[in-house]
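The values are calculated or read from the model by the stated rules, or taken from the named source; none is laboratory data. Note that the coordinates shown come from a computational prediction; the quantities given were computed from them, not determined experimentally. Every residue, glycine among them, receives a Cβ derived from its backbone with ideal geometry; neighbour counts consider all protein chains shown. Each accessible area value is taken on the protein alone, full model and side chains, heavy atoms only, with ligands, DNA and RNA left out. Shrake-Rupley method; radii C 1.70, N 1.55, O 1.52, S 1.80 Å.
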Protein chains: 2
Amino acid sequence: MVSDSELKYWIGLSGIPGIGRVRISQLKEFFGSLEDAWKAPEGKLKQAGLDSRTVDALVALRPRICLDAEMEKLERYKIKALICEDSSYPSRLKQIYDYPPVLYVRGSLPGEDVPCLAIVGTRRPTIYGRQVTEEIVTDLARAGVVIVSGLARGIDSVAHRAALEAGGKTVAVFASGLDIVYPGENAKLAQAIMEQGALVSEFPLGTKPKPENFPLRNRIMSGLSLGVLVVEAGERSGALITAHQALEQNREVFAIPGSILSPASQGTNRLIQEGAKLVRNYVDILQELNLNIVAEQAQLEETSSTEKAKAGSAAESAILKHLSSEPIHIDEICRSTGLPMPGVSSALAMLELKGMVKQVGKMNFVLARRGQAYSESGKS
Amino acid sequence: MVSDSELKYWIGLSGIPGIGRVRISQLKEFFGSLEDAWKAPEGKLKQAGLDSRTVDALVALRPRICLDAEMEKLERYKIKALICEDSSYPSRLKQIYDYPPVLYVRGSLPGEDVPCLAIVGTRRPTIYGRQVTEEIVTDLARAGVVIVSGLARGIDSVAHRAALEAGGKTVAVFASGLDIVYPGENAKLAQAIMEQGALVSEFPLGTKPKPENFPLRNRIMSGLSLGVLVVEAGERSGALITAHQALEQNREVFAIPGSILSPASQGTNRLIQEGAKLVRNYVDILQELNLNIVAEQAQLEETSSTEKAKAGSAAESAILKHLSSEPIHIDEICRSTGLPMPGVSSALAMLELKGMVKQVGKMNFVLARRGQAYSESGKS
């Protein structure tokens, strides 16, 4: 565990352009402590192996940075600074090549075992993009998946909002310091995200959202996640950069297909051509990430016994016993229940009306996870 | 070459349920000639290795079939019967496991070297499905690809019509005898296809379009083609059966992605999940089938020198020289022409307005193949 007195030098050094986690290790080894490194004369810094450009930056900036004031500001904003050497630093993020030495967090990050999915897309989504984002995020959030995004206009905002509305957790990764919300119109959204999840950044307080920060921010989004879902993206969308970064990070890349006549689906369709997994619904994502267990658990919780009791006919109860989160075809239901097709068909229709069963694709059925039982567990 | 006198026994025997090309070979070897097989007593037929059900069918049907009348009828309808042992039988079709012994053809089949693509899809397409079929078929037909389909309502009809209107060739494979057009509303379309391509069937004259004939018909469609493109298909569409048959036949399977909220795209999106190639435009298909040469040739013919001369500014001519059927990004055009982005951008816009350049995807450009030059070569 990094001590508070050491922490401030992590913060100071990591804020100097050119100094990342490799350089910090190097300095620590050479000087014995980061405090000594922070205060070292120019010549010593060069001796430690820093290039002259980085030395110049450090020498120029350090007199202007008051580390104690920085620490106070973090405390005032209730921002935790997680150091990559600490156990509180997200271990999934440490799998990527260039994880940041310090991660600033406002709110609370999900536990290590909680699956996170990054959702990215165009800032100018179509009605289709919005609708699909809302539906899939709602389903994923209810299945216990944390939605990571970038607080940008468009898909990002829709994703964060849908996660919040579904009672799920969501994480927004900033391309600026956590004291600067960008775009400003999302200040209220950022507040809600902080209360129900976390705001995250690798940039020191006061950092403006410069264009070059966005690709860096995106690598954190995918780095925190098991995979990245691209909902809508034009041919040159930044979301495609995120997708390629995610592939390099060995993360799954998912994409929603769309009309070949829609410019907003050109990028996603191309991603699929290049090997991204085509996603038709949230189950596709859970399965690909081997999160069936999450889905099953969510359903077990939600399809409570009281809900099962709502089933009317014997046929309906018999069918319910054979349903799970795995889609089952109606023919298979007939076989396994031994009931005739017309009976199964009308019982399924009744169960769908009651909201207990959901048809996924034509004639394939799963247990629905949105009933009274859900909203109860949502409150708890 | 099968003689006319032998031909009629091929036609007679292949029309008996249970007798395919393997049985015909067997009978020929046993009896020495198919005439002897056709006329053989029951006991001999069993000795030749036919099962009793097939023997019963042959013995029951042959007195009711007048082979000379059949031959006359074929002549009257101007139908050629191609025997699988003849050189006129399509060699691509012979690559499939269960090619039919006799193929009935009205009109003229494309030459052996001409690329064919089967296009299938729902009988109830959306506006999107119709539009995409029209666009892609027009492009493919103009690039010299023959469109094979099944004359059904919906995607099939749209595909045939678009091919005809583009001045291309098209082949309709029947699930009935060639004397029975199904659906009847497509009689005029069938006539036009015959004149500009061919009607094809493995079923003897008089065969009705029974449900069990459709999957058989579909294997001929894919068998004649290098690949199958599924445009729109619901979750349980017959087009999916065709796609799976095509895979078994080692043909490429292509699918057009669509909205995950559109039932008519559920089947195509699933096909892509299962490994079908996602298609964004006709170039994707030509490339996958290694038909770049076809596309290039088509363009060379069509973008004639007179068309090039229509180009106004020096920038436009310079850009035209760097364009081909391969999409080139605008950045690349700037690099290769040495012209500044604003100049290239406005020249491309002008060339697009003139119909000489086409934007495929955002900021990627190809030579357009639809100008005066095309309609000229279309007439020749």
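Annotations for the structure displayed:
- Using distinct alpha-carbon pairs, which all enter the 1/r mean, Kirkwood radius of region A:72-155 in Å: 15.0 Å
- Within 10 Å of the Cβ of each residue in A:273-282, the mean number of Cβ atoms contributed by other protein chains is 3.
- Report summary: the helix-based calculation at 222 nm, which adds -39500 (n - 2.57) for every DSSP H run with n ≥ 4 and divides by the residues of the protein assembly as shown, gives -14000 deg cm²/dmol.
- Ligands, DNA and RNA aside, residue A:128 has an accessible area near 40 Å² when probed at 1.4 Å.
- Other residues within the sphere of radius under 15 Å centred on the Cβ of residue A:209, judged by their own Cβ, net out at 0 (K and R +1, D and E -1).
- The alpha carbon centroids of region B:164-218 and region A:272-292 are separated by 40 Å.
- Surface composition of chain A: carbon plus sulfur atoms contribute 52% of the solvent-accessible area (1.4 Å probe, protein chains only, all chains present).
- Comment: the Cα-to-Cβ extended label point of residue B:86, at 7 Å, lies 8.4 nm from its counterparts in the other copies, nearest first.
- For the cross-link pairs B:8/B:28; A:8/A:39; A:28/A:94; B:78/B:208; B:28/B:94; A:169/A:358, the ones whose C-alpha atoms lie over 22 Å apart are A:169/A:358.
- Scattering curve values for region B:24-178, log₁₀ I(q)/I(0), Debye with Cα scatterers, q = 0.10, 0.11 Å⁻¹: -0.52, -0.61
- The H on the amide N of residue A:229, modeled in the peptide plane, is under 5 Å from the matching H of A:118, A:119, A:120, A:254, each at least 5 residues off or on a different chain.
- With the gyration tensor restricted to C-alpha atoms of chain A, the semi-axes of the equivalent ellipsoid amount to 47, 21, 17 Å, longest first.
- Shielding by partners for peptide B:225-237, expressed as the average number of C-beta atoms from other protein chains within 10 Å of each residue's C-beta, is 1.
- Distances between equivalent label points of residue B:352 across the copies, with each point positioned 7 Å along Cα→Cβ, amount to 4.2 nm, shortest listed first.
- When residue B:290 is represented by a point 7 angstrom out along its Cα-to-C-beta vector, the spacings to that point in the other copies are 3.8 nm, nearest first.
- If you take the Cα centroid of region B:223-249 and the Cα centroid of region B:124-159, the two points sit 14 Å apart.
- Where rotation carries B onto A, the chain B residue whose Cβ is nearest that axis, in whole Å: B:257, 2
- Local electrostatic count, residue A:2, Cβ distance below 14 Å [Lys/Arg +1, Asp/Glu -1]: -1
- Highest mean first, the peptides A:27-34, A:317-324, B:12-19 sorted by other C-beta atoms within 10 Å per residue fall in the order B:12-19, A:317-324, A:27-34.
- Averaged over the residues of peptide A:263-269, the number of Cβ atoms from other protein chains lying within 10 Å of each residue's Cβ is 3.
- For residue A:261, no residue has an amide H sitting under 5 Å from its own, ignoring neighbours fewer than 5 places away on the same chain, with H placed 1.01 Å from N.
- Both chains summed, the buried accessible area for A and B stands near 2400 Å², from protein heavy atoms and a 1.4 Å probe.
- The mean of 1/r over all pairs of different alpha-carbon atoms in the protein assembly as shown, once inverted, gives a Kirkwood hydrodynamic radius of 30.6 Å.
- Separation of alpha-carbon centers, region A:327-360 and region B:1-27, rounded to whole Å: 48 Å
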